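Q: Just dropping this structure here.
The values are calculated or read from the model by the stated rules, or taken from the named source; none is laboratory data. Note that the structure is predicted; figures quoted are calculated from it, not measured. Don't worry about glycine lacking a Cβ; one is built from the backbone with ideal geometry, like all the others, and counts go over all protein chains shown.
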């Protein structure tokens, strides 16, 4: 399979309090194919969320390169990176980050409106995705009127509504009970397969990780394949 995304010798360091530096990523490598699901596991503080933020063009690297469909992030200016985030990437976080003042429908429409879709076209597409995640009867409700599971299902619909190349999911079931977590995971995997969207999931949930096509362990700033269940942290 040709790589949709290639991560090459990725490094990230932060200034520390003693005028030195804290190296979080020290040369991480990864490839991702279209439609592939990869789970990233590792101990707390190992840099998993940092890695996901770099993939999502939410932060700049300290070294190495990220290449999406032949285009290196380092060659893109702020406007081009913003366009990449809006059109080619989707995000699902542990805490849904829905906009409180907007309805579920308006939240899911938001990425499309930002991308320049007409209101009518954005509304039709958002309604379709909300129906797919079982929220056809809850579209006009604001986040405060939705349960935790419903809010996260809305977040999944928002992440997928613009048919991104890649969805980046940071602990997407971490704030849910077992039953709701399973529902959200089922939806994310099913819709990603149907839309042929690649997914990178950061998770501490062993059962969720085992559903991925591949599992990678982030340890000491580098990624390595996990082939044994017992090796999962």
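Q: What's the number of the only condition in (1) in contact with a helix residue (DSSP H, G or I) (Cβ under 8 Å, 6 or more places away or on another chain); (2) at pLDDT below 90; (3) within 20 Å of residue 215 (Cβ to Cβ) that residue 86 fails to meet?
A: In the conditions (1) in contact with a helix residue (DSSP H, G or I) (Cβ under 8 Å, 6 or more places away or on another chain); (2) at pLDDT below 90; (3) within 20 Å of residue 215 (Cβ to Cβ), residue 86 misses (3) alone.
Q: Out of the range 120-166, which residues are more than 25 Å from residue 177 (Cα to Cα) and in a helix (DSSP H, G or I)?
A: 120, 121, 122, 123, 124, 125, 126, 127, 128
Q: Looking at (1) part of a helix (DSSP H, G or I); (2) in contact with a helix residue (DSSP H, G or I) (Cβ under 7 Å, 6 or more places away or on another chain); (3) closer than 23 Å to residue 68 by Cα, find the lone condition where residue 199 falls short.
A: The single condition residue 199 does not satisfy is (1).
Q: Among the residues of the range 203-222, what is the count of those that are buried (at least 22 other Cβ atoms within 10 Å of the Cβ), touching a helix residue (DSSP H, G or I) at 6+ places or on another chain (Cβ under 9 Å) and outside any loop (DSSP other than H, G, I, E, B)?
A: So the answer is 3.
Q: Within the group 146, 195, 216, 130, which residue is under 20 Å from residue 3 (Cα atoms) and modelled with pLDDT of 85 or more?
A: Unique residue meeting the criteria: 216.
Q: Any residue in the range 157-165 that is out of contact with any strand residue (DSSP E or B) (no Cβ under 9 Å at 6 or more places or on another chain) and buried (at least 17 other Cβ atoms within 10 Å of the Cβ)?
A: Yes: the range 157-165 contains one or more residues that are out of contact with any strand residue (DSSP E or B) (no Cβ under 9 Å at 6 or more places or on another chain) and buried (at least 17 other Cβ atoms within 10 Å of the Cβ).
Q: Residue 74 fails exactly one of the following numbered conditions: (1) touching a strand residue (DSSP E or B) at 6+ places or on another chain (Cβ under 7 Å); (2) surrounded by 14 or more Cβ atoms within 10 Å (Cβ to Cβ). What is the number of that condition?
A: (2)
Q: Let me ask something else. Within the range 45-71, track down each residue that is more than 23 Å from residue 82 (Cα to Cα) and either in a strand (DSSP E or B) or without any contact (Cβ under 8 Å) to a residue 60 or more places away in the chain (or both).
A: Across the range 45-71, the qualifying residue is only 45.
Q: Take the range 102-119 and flag every residue that is more than 27 Å from residue 79 (Cβ to Cβ) and surrounded by fewer than 18 Cβ atoms within 10 Å (Cβ to Cβ).
A: none
Q: Hey, can you tell me all the residues within the range 172-193 that are touching a strand residue (DSSP E or B) at 6+ places or on another chain (Cβ under 6 Å) and not in a helix (DSSP H, G or I)?
A: Correct list: 172 only.
Q: Please identify the pairs in which a residue from the range 29-42 that is free of Cβ contacts under 8 Å to residues at least 40 places away in the same chain has its Cβ atom under 7 Å from the Cβ atom of a residue that is surrounded by fewer than 23 Cβ atoms within 10 Å (Cβ to Cβ), counting only partners at least 6 apart or on another chain.
A: 31/3; 31/5; 31/6
Q: Just one of (1) in a loop (DSSP other than H, G, I, E, B); (2) closer than 21 Å to residue 180 by Cα; (3) modelled with pLDDT of 90 or more trips up residue 95, so point out which.
A: (3)
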